[in-house]
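This report refers to the structure that appears directly beneath it.
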Amino acid sequence: MYRTEASTNLLHSKQNVTGNCVGRSMIEMLGVLAIIAVLTVGGIAGYSKAMLMYHSNKQKDLLVELINNAITLKPNLSSIRGNQSINITDIFNAMGAIPNGFIYKNGTIHDLDNNSIYITFGIENDRQQDGSTKQVFKYAIRINAIEGIGKLSISMKEYCKNIIQIVQTIPNQVQVVDFSRIDSDSWSGTSGELIFNKSTIGQTSPAQINERCNIAIKEKGRGYFRILLNPD
């Protein structure tokens, strides 16, 4: 069978149309794949942010419970009042005052970020501005924090803000909240930074909290937070 010129042109036209259709389909498919990739990355980022927020809120709730337990148990500590400050974390464990979610081991509480928490009670030598020392009875919750030690750790600045927001709800129960940066593995050589005292705790805005925490915690690393509760 012989093809006429018209039939040959028609065949070529069909092939061109088919080829163009395939070309547009591939481009559209690549576009769809690109959109899916962007949405996937955005979804992962959003999920990670949501998980970190959940983790921060859970950590905060457990700290609230621990601090409230420390306040509730104050009357039971009168029998151990002595001259020297002692670690009473084991007493808290025996009294069932450690929140379910924190782990107690060898006289130390470990929070969700694996930071170490311990509680002290008794007289300490407090250095004054003129360089002298003064004996002061202190009831303290100390949190030895290391940046990023846990699998899903919040930053130390976020931890700082959580602590201040917690104590703002109980200003009459707190004397001082401060932070000391640590320069060595032995947790010595600290330089203390006052964050808030009893006259400023209840009167501070979120912006001021953020600013004060940024000043106290200048760099990533390690340090310890100290929450001084009213001992009486």
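The values are calculated or read from the model by the stated rules, or taken from the named source; none is laboratory data. Since the model is a prediction, treat every value here as computed from it, not as a measurement. Note that each Cβ is placed from the backbone with ideal geometry, even for glycine, and that neighbours are counted across all protein chains shown. Accessible surface areas use protein heavy atoms only, side chains included; no ligands, DNA or RNA. Shrake-Rupley method; radii C 1.70, N 1.55, O 1.52, S 1.80 Å.
Structure notes:
- Filter pass, residue 69 being more than 25 Å from residue 222 (Cα to Cα) and at pLDDT 90 or above: yes
- Cβ pairs under 7 Å, 6+ apart, first in the stretch 182-202 and under 19 Å from residue 163 (Cα atoms) and modelled with pLDDT of 75 or more, second charged (D, E, K, R) and open to solvent by less than 50 Å² (accessible area, probe 1.4 Å): 193/178; 195/178
- Tally, over the stretch 75-106, of residues that are modelled with pLDDT of 90 or more, in contact with a strand residue (DSSP E or B) (Cβ under 9 Å, 6 or more places away or on another chain) and open to solvent by 20 Å² or more (accessible area, probe 1.4 Å): 7
- Each residue in the stretch 51-83 was checked for being touching an Asp or Glu at 6+ places or on another chain (Cβ under 9 Å) and free of Cβ contacts under 8 Å to residues at least 60 places away in the same chain, and 1 pass.
- Count of residues meeting criterion [of a type in the set (Phe, Trp, Tyr) and more than 21 Å from residue 55 (Cα to Cα)] in the stretch 159-180: 1
- From the options 143, 109, residue that is of a type in the set (A, V, I, L, M), closer than 22 Å to residue 216 by Cβ and at pLDDT 90 or above: 143
- Count of residues meeting criterion [polar (S, T, N, Q), at pLDDT below 90 and over 17 Å from residue 218 (Cα atoms)] in the stretch 151-168: 1
- In the stretch 161-174, the residues that are surrounded by 20 or more Cβ atoms within 10 Å (Cβ to Cβ) and over 19 Å from residue 211 (Cβ atoms): 174
- Among residues of the stretch 49-74 being exposed (fewer than 15 other Cβ atoms within 10 Å of the Cβ) and of a type in the set (Ser, Thr, Tyr), the one that is farthest from residue 120 (Cα to Cα) is 54.
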